[in-house]
1. Do you know which residues across the range 75-91 are buried (at least 16 other Cβ atoms within 10 Å of the Cβ) and either at positive phi or under 19 Å from the mean Cα position of the chain (by Cα) (or both)?
2. Among all residue pairs at least 6 apart or on different chains, which show Cβ distances below 7 Å where the first residue, located in the range 55-75, is part of a strand (DSSP E or B) and the second is among the hydroxyl-bearing types (Ser, Thr, Tyr)?
3. Can you tell me which of (1) free of Cβ contacts under 8 Å to residues at least 24 places away in the same chain; (2) in contact with a strand residue (DSSP E or B) (Cβ under 9 Å, 6 or more places away or on another chain); (3) more than 25 Å from Glu78 (Cα to Cα) is the one Ala51 doesn't meet?
4. Restricting to the range 5-31, count the residues that are farther than 18 Å from Arg60 by Cα, surrounded by 10 or more Cβ atoms within 10 Å (Cβ to Cβ) and either of a type outside the set (A, V, I, L, M) or touching a Pro at 6+ places or on another chain (Cβ under 9 Å) (or both).
5. Going through the range 76-98 one residue at a time, which ones are within 30 Å of Val27 (Cα to Cα) and out of contact with any Gly (no Cβ under 8 Å at 6 or more places or on another chain)?
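Derivation of every value follows stated rules applied to the coordinates shown; laboratory data play no part. As the structure is a computational prediction, the values presented were derived from the model and not from experiment. Glycine gets a Cβ as well: all are built from the backbone with ideal geometry, and neighbour counts include every protein chain shown.
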Amino acid sequence: QGLDEIVVEQLRLQARPANLSEWEATVAAVRHPRDSVDIAIVGKYVEHKDAYKSLGEALRHGGIRQATRVNLHWIDSERVEAEGAAALLGEVDAILVP
């Protein structure tokens, strides 16, 4: 606590106040998104969330930049064959097949 001030003082640095405006805008986009989007990710291994973890994180981060909440729907491709695409995918805004 206060270590940053001690370092600045000891090194005789000129510290400017931090500009947190971009960070504050990012936090606001996460807390109060302007929009939302539903994306279905259809794959063979969706029950293993780690298999597509980076994909989900990339989509969520892209949503933050657009002030949009990204709701991911993980759908096993075998269910699409068994239940039909319209039944499982008819309500989503986008479909991603990795």
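1. Ile75
2. Final answer for the pair search is Thr68/Ser36; Arg69/Ser36; Asn71/Ser36.
3. Answer for Ala51: the failing condition is (3).
4. Qualifying residue count for the region: 2.
5. Those that are within 30 Å of Val27 (Cα to Cα) and out of contact with any Gly (no Cβ under 8 Å at 6 or more places or on another chain): Glu91, Val92, Asp93, Ala94, Ile95, Leu96.
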